[in-house]
Amino acid sequence: MSPAKSLEQRELSAVLPQFELLLTSSGSTLDHQMELGMGTSVARILRFGSFEANMRAGELRKRGIKVRLQDQPFQILVMLLERPGELVTRQEIHQKLWPADTFVDFDHGISLVSADGQLAEAEYPAPAATPLVETGPIEQRLSARPRFLVTVLVSCFAITLAVIVYLGWRRMRAGPFPSSGYVMLAVLPFQNLSGDPSQDYFSDGLTEEMIAQLGALSPDQLGVIARTTTMAYKHTSKSVEQIGSELGVGYVLESSVRRDGNQVRISVQLIRVHDQVHVWARSYDRHISHSIELQEEVAKAVAEQIEVKLSPSYRGRTNPHHLDAEANEAYLRGRYFWNQFTPEGYRKAISYFQQAIERDSSFAEAYSGLADSYNFLVVTDSIPASEGHPKALEAARRAVSLGVDLAEPHASLAVAMARSEWNWPGAENEFKRAITLNPSYAMVHRLYASILAATRRHHEAWQQINEAMRLDPLSLPNNAEVVRTLYYARNYDQAIEQGQKAMQLDPNYVRTHFWLGRVYSQKGMHREAIAAAEKILESMPDSTLGLTEMAYSLAVAGRRKEARQILRRLEGRSTSAFVPAYNFAVIHIALNDEETAMRYMQQAYENRDWAMLVLAVEPRLDPLRKDPRFQEILAKLNFAEKPFG
């Protein structure tokens, strides 16, 4: 007998006497409900814990997911469920399942004997404990194939465990037993019932905060689809079943908010996808300053309904004191503008986050938003790194000190440490801490992917961006980041394929064209690269970012005269506005002026230009890699010759 079989036998033997004991001692009544089926007939549903047994259909489901179960184990389960608190004898089970001439040896375990009297593939020794029901020696003669018999017994064992857990829970009157499975949930956008479209910032902010609350609740058991994807269902006419199928979730949370001055009414309902049953619903009336702690209350209620155990690290997101109403409002407005992903949006967001901090100096999330806004203004070449990075780092450190158990501050600090200090180990530690606190925070996976790619850990970067896509598949930044990840891994063909898929979501999204243009240039697809640069300039007229991409694309395509015209334009702009030295270096590389390019690269290092982040992996910089001065800069940036980590 193999060790694996021996272990399986011991497990089944150990559980049988306990099963009978619990059936006898528990006087609990299971939840029996009559529910209408799809037609006019009535389907009887027996619910126990996270399971449902559909008597009419002969189906067992766990949290809405069908459990594959043979007919005989299902019949045993039904017998047990229909007689809670009663003793179900072995003889009754025998009479229910097997013909009169079939024998089952219960006293010496369930020994499966074939028709010719030979011992079948599985043998289970007798339980050590004395069974409650005494029966005479019986042996079983079956003509069925041994593998089928083993399947039946293993299935019985699994269901036995489930029933034991449930009856024990009911008998102990304890809280819901946590599921060992993983539940996916989608928080649909809060409906703004105020009749005022200008209040959308408030309802959208509540949506984002609710997603954050639920994502941090129980990382090992509950996953939450991110904001960008669920916002695509705002004002949708799709059914819960359609949404659940498209997003691959088991539950959907629908919510609405009605605001009257500083008073808000929030209504929520939790819907199970597979049968559209409203599992739970409630309305709350609160002052606006209590909205964040209210969402924590709702999140815990949802966890109770879907039976997930709170993570030990979860301490809630509520401030120790009630937020100032105006601080809360300013913060929600800031997040609304931040989510526009434009330089102008980031500037407005900074203004509102600063207002929130002025009203409440301990508002960790506002500091985190402030750090993110400065970081992205630098990335869009809107402000110099020397101006934005110190402000981002200061705000991020303050956010972490105030919200050590929040994922967002740690993510903000990770980005700031990587871009302003080139502190890769420190940044990675902060990323990992953020993911531990809230694995459903899609943006942290995307940002972590960008740092992993920059440090030449391309496989890990691919894993992280795929996780971001799983959580937020309709996010335009995520889809563009997929192209970026493949570009830096120099997987150009797949990058083009993914970029074309991303454009199906939005053919005008700038960042998709930005990365595709770079890929096209490396592939020698110059016409496509120039067209991508034109799309950037259509969306961001006369932007430094767009002009740089156009100049590079024209130069490598052999249209150097046009490229030099743009170069002179940028040089003139740099006398009165910010133009990164890194951009000039890239254009001169395309013009085959490597000496001038190297001088600008050294200046970019001194200025701490944000694009120095990708110095180790950027294909456009390959002509400079053999230059000792370039290698010296790489060393100063803490990039090793071999992939980092």
Flag for Gly572 being open to solvent by less than 10 Å² (accessible area, probe 1.4 Å), under 25 Å from Pro384 (Cβ atoms) and either in a helix (DSSP H, G or I) or among the hydroxyl-bearing types (Ser, Thr, Tyr) (or both): no
Output for the range 575-591, where each listed residue is surrounded by 16 or more Cβ atoms within 10 Å (Cβ to Cβ) and not aromatic (Phe, Trp, Tyr): Val579, Pro580, Ala581, Asn583, Ala585, Val586, Ile587, His588, Ile589, Ala590, Leu591
Filter result for Tyr352 (modelled with pLDDT of 95 or more, aromatic (Phe, Trp, Tyr) and closer than 25 Å to Glu421 by Cβ): no
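Yes or no, residue by residue, for (1) over 22 Å from Phe337 (Cα atoms); (2) β-branched (Val, Ile, Thr); (3) modelled with pLDDT under 95; (4) more than 19 Å from the chain's Cα centre (by Cα):
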{"site": "Leu370", "(1), (2), (3), (4)": "no, no, no, yes"}
{"site": "Tyr374", "(1), (2), (3), (4)": "no, no, no, yes"}
{"site": "Ala385", "(1), (2), (3), (4)": "no, no, yes, yes"}
{"site": "Gly403", "(1), (2), (3), (4)": "yes, no, yes, yes"}
{"site": "Tyr441", "(1), (2), (3), (4)": "no, no, yes, no"}
Only listed residue being under 17 Å from Phe514 (Cα atoms) and among the charged types (D, E, K, R), chosen from Glu571, Glu528, Glu562: Glu528
Residues being assigned to a strand (DSSP E or B) and among the charged types (D, E, K, R) - total across the range 240-259: 3
Set Leu554, Leu516, Leu537: member being free of Cβ contacts under 8 Å to residues at least 40 places away in the same chain and over 22 Å from Gln500 (Cβ atoms): Leu554
Lone unmet requirement of (1) of a type in the set (A, V, I, L, M); (2) surrounded by fewer than 19 Cβ atoms within 10 Å (Cβ to Cβ); (3) modelled with pLDDT under 95; (4) within 19 Å of Val379 (Cβ to Cβ) for Leu505: (4)
Residue in the range 340-361 that is hydrophobic (A, V, I, L, M, F, W, C), on the phi < 0 side of the Ramachandran plot and in contact (Cβ under 8 Å) with a residue 40 or more places away in the chain present: no
Single residue of Ser521, Ser553, Ser543 found to be surrounded by 15 or more Cβ atoms within 10 Å (Cβ to Cβ) and at pLDDT below 95: Ser543
Residue ID - least open to solvent (accessible area, probe 1.4 Å), chosen from residues in the range 161-205 that are among the β-branched types (Val, Ile, Thr) and at pLDDT below 50: Val163
Residue identified as of a type outside the set (Ser, Thr, Tyr), open to solvent by 60 Å² or more (accessible area, probe 1.4 Å) and within 16 Å of Arg518 (Cβ to Cβ) among Glu534, Glu632: Glu534
Neighbours by Cβ (under 6 Å, 6+ apart or cross-chain): first from the range 238-264, touching a residue at least 24 places away in the same chain (Cβ under 8 Å); second open to solvent by 60 Å² or more (accessible area, probe 1.4 Å) and outside any loop (DSSP other than H, G, I, E, B): Ser256/Gln191; Arg258/Arg265; Asn262/His287; Val264/Arg286
So Thr512, is it under 25 Å from Thr342 (Cβ atoms), of a type in the set (Ser, Thr, Tyr) and either touching a Lys or Arg at 6+ places or on another chain (Cβ under 8 Å) or open to solvent by less than 30 Å² (accessible area, probe 1.4 Å) (or both): yes
Residue match in the range 407-421 (condition: open to solvent by 30 Å² or more (accessible area, probe 1.4 Å), within 21 Å of the chain's Cα centre (by Cα) and either within 25 Å of Thr230 (Cα to Cα) or in contact (Cβ under 8 Å) with a residue 12 or more places away in the chain (or both)): no
Candidate set from the range 617-636 (those that are aliphatic (A, V, I, L, M) and in contact (Cβ under 8 Å) with a residue 24 or more places away in the chain); member that is nearest to Thr596 (Cα to Cα): Leu624
Tally, over the range 454-497, of residues that are in contact (Cβ under 8 Å) with a residue 24 or more places away in the chain and of a type in the set (Val, Ile, Thr): 4
Residue tally, condition in contact with a His (Cβ under 9 Å, 6 or more places away or on another chain) and open to solvent by 20 Å² or more (accessible area, probe 1.4 Å), over the range 276-301: 3
Conditions (1) part of a helix (DSSP H, G or I); (2) open to solvent by 10 Å² or more (accessible area, probe 1.4 Å); (3) among the hydrophobic types (A, V, I, L, M, F, W, C): number failed by Val404: (1)
For Val298: the one exception among (1) among the aliphatic types (A, V, I, L, M); (2) under 23 Å from Asp472 (Cβ atoms); (3) assigned to a strand (DSSP E or B); (4) touching a residue at least 60 places away in the same chain (Cβ under 8 Å): (3)
Filter result (assigned to a helix (DSSP H, G or I) and open to solvent by less than 20 Å² (accessible area, probe 1.4 Å)) within the range 206-239: Leu206, Thr207, Glu209, Met210, Ile211, Ala212, Gln213, Leu214, Gly215, Thr229, Thr230
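The values are calculated or read from the model by the stated rules, or taken from the named source; none is laboratory data. Just so we're clear, the structure is a prediction, and the values are computed from it rather than from any experiment. Note: ideal-geometry Cβ built from the backbone for every residue, glycine included; neighbour counts use all protein chains shown. What goes into the accessible areas is simple: the full protein's heavy atoms, side chains included, and nothing from ligands, DNA or RNA. Shrake-Rupley method; radii C 1.70, N 1.55, O 1.52, S 1.80 Å.
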